[in-house]
Amino acid sequence: MANTQAISGVMKQVALAAVVDSKSLKAALYLASATTNGANTVYTSTGEVSGSGYTAGGVSVTNANAAGLTSTTAYWTPSASIAFTTVTLATAFDAVMIYSTTDSNRNLGVFTFGSQTITAGTFTLTMPTNDSSTGLIRFA
């Protein structure tokens, strides 16, 4: 068997843990017309939704999960669904940015979903299972 080049799973887990473990995180929603993406290094209010009951900067993310590792895949998922309660967002939105307020509002990622609007209700993003197959963030 020949040698193969690879980054170890433990290295991936340690790198991910440095970004997510024990950090205070927030989630902000973005308009479908916005251009928010991974090029945004930090939270931005440009393109963020606005409406009744929504606070700029979004909501706190429950972060009780540590970065995990299965074989060579590191993974992490928020430990609870993300809920925006009693909001009216009349302009279509289709993305959420999760960012670290512990680390100067560093952008962890922008995640998209089908375009939505909501009137005087609760918008909930149900998180996937925290494992190497479906975790929200995975380094395979």
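Helix-derived [θ] at 222 nm for the chain: sum -39500 (n - 2.57) over DSSP H runs of at least 4, divide by residue count, nearest 500?
For the chain, the value works out to -2500 deg cm²/dmol.
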Review point. Using 16 Å as the cut-off for backbone N distance, which residues of the stretch 121-140 belong to the label zone defined by a point 7 Å from the Cα of Ala18 along Cα→Cβ?
Key: 139
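For the chain, state the average projected area of the convex hull of the C-alpha atoms over all orientations, rounded to one decimal in nm².
Values: hull surface 36.6 nm².
Here the figure is 9.1 nm², rounded to one decimal.
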Study note, to complete from the structure: For the stretch 9-128, the charge dipole (Cβ of Lys, Arg +1; Cβ of Asp, Glu -1; about the Cα centre) points to a positive end, and the Cα of Thr119, Ala67, Ala28 closest to that extreme belongs to Ala67
Check your understanding: Dipole size in debye (nearest 20) for the stretch 9-128 around its Cα centre, Lys and Arg Cβ +1, Asp and Glu Cβ -1?
Key -> 140
Practice item. For the stretch 37-51, just list the computed ³J(HN,Hα) in residue order, Karplus coefficients 6.51, -1.76 and 1.60, θ = phi - 60°, integers in Hz, with x standing in for Gly and Pro. Key: 6, x, 6, 6, 7, 9, 3, 9, 8, 5, x, 6, 5, 8, x
Check your understanding: Top mean-square fluctuation among Thr124, Thr112, Thr91, Gaussian network model of the chain, C-alpha springs under 10 Å?
Key -> Thr124
Point to revise | Dipole axis of the chain (+1 Lys, Arg; -1 Asp, Glu on Cβ), positive-most option in Gln13, Phe139, Val110 | key: Gln13
Review point. Which angle from 0 to 90°, rounded to the nearest 10, does the C-alpha axis of helix 9-20 make with the longest principal axis of the chain?
Key: 30
Exercise for review: Starting from the Cα-Cα distance between Ser50 and Asp103, subtract it from 0.36 nm times their residue separation and give me the gain in nm to one decimal.
Suggested key: 16.6 nm
**Study point:** In Hz, Karplus ³J(HN,Hα) per residue of the stretch 53-68 (6.51, -1.76, 1.60; θ = phi - 60°; x = Gly, Pro)
**Key:** x, 9, 9, 3, x, x, 10, 6, 9, 6, 10, 9, 8, 8, 4, x
Exercise for review: Between Val10 and Asp131, with labels modelled 7 Å along Cα→Cβ, what's the label distance in nm to one decimal, could you check?
Suggested key: 2.5
**Study point:** Calculated from backbone phi, Karplus (6.51, -1.76, 1.60) coupling profile of the stretch 100-111 in Hz, x at Gly/Pro
**Key:** 9, 6, 5, 10, 6, 6, 4, 6, 7, x, 10, 10
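Taken together, the values in this text are just the output of simple stated rules run on the coordinates, not laboratory data. In this text the structure is predicted, and so the values were computed from the model without any measurement. In this analysis, Cβ positions are derived from the backbone assuming ideal geometry, glycine residues included, and neighbour counts consider all displayed protein chains.
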